[in-house]
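Below: one structure, written as structure tokens.
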Amino acid sequence: MVSDVHGNARDLARAGTGADALICLGDLVLFLDYADHSRGIFPDLFGVENADRIVELRTARRFEEAREFGARLWAGIGADRGAAIEKAVRKQYAELFAAFPTPTYATYGNVDMPPLWPEYAGPGTTVLDGQRVEIGGRTFGFVGGGLRTPMRTPYEISDEEYAAKIEAVGEVDVLCTHIPPEVPELVYDTVARRFERGSKALLAAIRRTRPRYSLFGHVHQPLVPRMRIGATECVNVGHFAASGTPWALEW
């Protein structure tokens, strides 16, 4: 199981070795690598110096300044902005989806572009969002995307829409989401030094339906990567872009 792949196609190609299936919890796209500002769509378009600056502003939580700075850069591209982003994302998706083994079950992260996925997901890859599937005799539910933030990443949705998808999944053995439940220890990123957005609806569903596992990613360096909520083992499966190592779910 992997999450937050962010362009790591090399390790993704090996991630399913020896497993019955690979599960991917989203964030395939690498827009900007906060550890290496030379990597990603943003520095490819605007250079490393500008990437350094926008990371500095975002890390300091100066989001309005970051938006204004980014807007000035994008203004230089003009009407070609959407086309430039889509071209770069398509290049990454072609490589990443080709690396998925058969079978793969995947859902979207907050930086992904869902409308493009059907073009790249081959017959061995099942994409799920607000849906259930049986894997190895167990019921898995999948909910993709993130909640709205000042970062305004591509696949952020309202709390109400997210809660509806959680409700649609219902009772499952394993609840797979991109973002974690809204628990301070699970949503705080110790390197970025900020609380990421978790889901209150997901937390309520865990308490109500008591799945055996709640699995997620999104927070790259969590204060606590694993904890129990009642009968449910909640696990951040890891920042795959950095580790290159999948998390194994064994029954």
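When the residues of the range 1-21 are filtered to those that are among the polar types (S, T, N, Q) and closer than 17 Å to Y93 by Cβ, which remaining residue is modelled with the highest pLDDT?
Once the filter is applied, the top-ranked residue is S3.
Scanning for something closer than 22 Å to R193 by Cα and free of Cβ contacts under 8 Å to residues at least 24 places away in the same chain, does the range 18-33 turn up at least one residue?
Checked the range 18-33: at least one residue is closer than 22 Å to R193 by Cα and free of Cβ contacts under 8 Å to residues at least 24 places away in the same chain.
Taking the range 150-184, which residues are charged (D, E, K, R) and closer than 15 Å to L215 by Cα?
Residues satisfying the conditions are E171, D173, E182.
For L25, only one of the following conditions fails: (1) surrounded by 14 or more Cβ atoms within 10 Å (Cβ to Cβ); (2) more than 29 Å from V237 (Cβ to Cβ); (3) touching a His at 6+ places or on another chain (Cβ under 7 Å). What is its number?
All conditions are met except number (2).
Name the residues in the range 225-251 that are outside any strand (DSSP E or B), farther than 20 Å from V5 by Cα and not small (G, A, S), would you?
E250, W251
Please count how many residues of the range 37-53 are free of Cβ contacts under 8 Å to residues at least 24 places away in the same chain and in a helix (DSSP H, G or I).
The number of residues fulfilling the criteria is 8.
Going by the structure shown, is R207 among the basic types (K, R) and outside any loop (DSSP other than H, G, I, E, B)?
yes
Among (1) within 23 Å of M113 (Cβ to Cβ); (2) assigned to a helix (DSSP H, G or I), which single condition is Y34 missing?
(2)
When you check E68 against the structure, is it more than 24 Å from V5 (Cβ to Cβ), over 21 Å from the mean Cα position of the chain (by Cα) and surrounded by 14 or more Cβ atoms within 10 Å (Cβ to Cβ), yes or no?
no
Just one of (1) outside any strand (DSSP E or B); (2) surrounded by 17 or more Cβ atoms within 10 Å (Cβ to Cβ); (3) among the hydroxyl-bearing types (S, T, Y) trips up S214, so point out which.
If we test S214 against (1) outside any strand (DSSP E or B); (2) surrounded by 17 or more Cβ atoms within 10 Å (Cβ to Cβ); (3) among the hydroxyl-bearing types (S, T, Y), just (1) comes out false.
Tell me which of these P114 doesn't satisfy, since it passes every other one: (1) closer than 22 Å to A241 by Cα; (2) touching a residue at least 60 places away in the same chain (Cβ under 8 Å); (3) under 17 Å from the mean Cα position of the chain (by Cα).
(2)
How many residues, within the range 54-86, are outside any helix (DSSP H, G or I), of a type in the set (D, E, K, R) and either touching a residue at least 24 places away in the same chain (Cβ under 8 Å) or under 16 Å from G40 (Cα atoms) (or both)?
So the count comes out to 1.
Scan (1) crowded, with 17+ Cβ neighbours inside 10 Å; (2) under 23 Å from V5 (Cβ atoms) for the single condition A205 breaks and write down its number.
Only one criterion is unmet by A205, namely (2).
Of the conditions (1) modelled with pLDDT of 95 or more; (2) open to solvent by less than 60 Å² (accessible area, probe 1.4 Å), R194 satisfies every one except a single condition; which number is it?
The single condition R194 does not satisfy is (1).
The values are calculated or read from the model by the stated rules, or taken from the named source; none is laboratory data. What you are looking at is a predicted structure, and each value in this text was computed from that prediction instead of being measured. Positions of Cβ are generated from backbone atoms using ideal geometry, with glycine treated the same way; all protein chains shown enter the neighbour counts. Ligands, DNA and RNA are stripped out before the accessible areas are found, and what is left, the full protein with its side chains, is counted by its heavy atoms. Shrake-Rupley method; radii C 1.70, N 1.55, O 1.52, S 1.80 Å.
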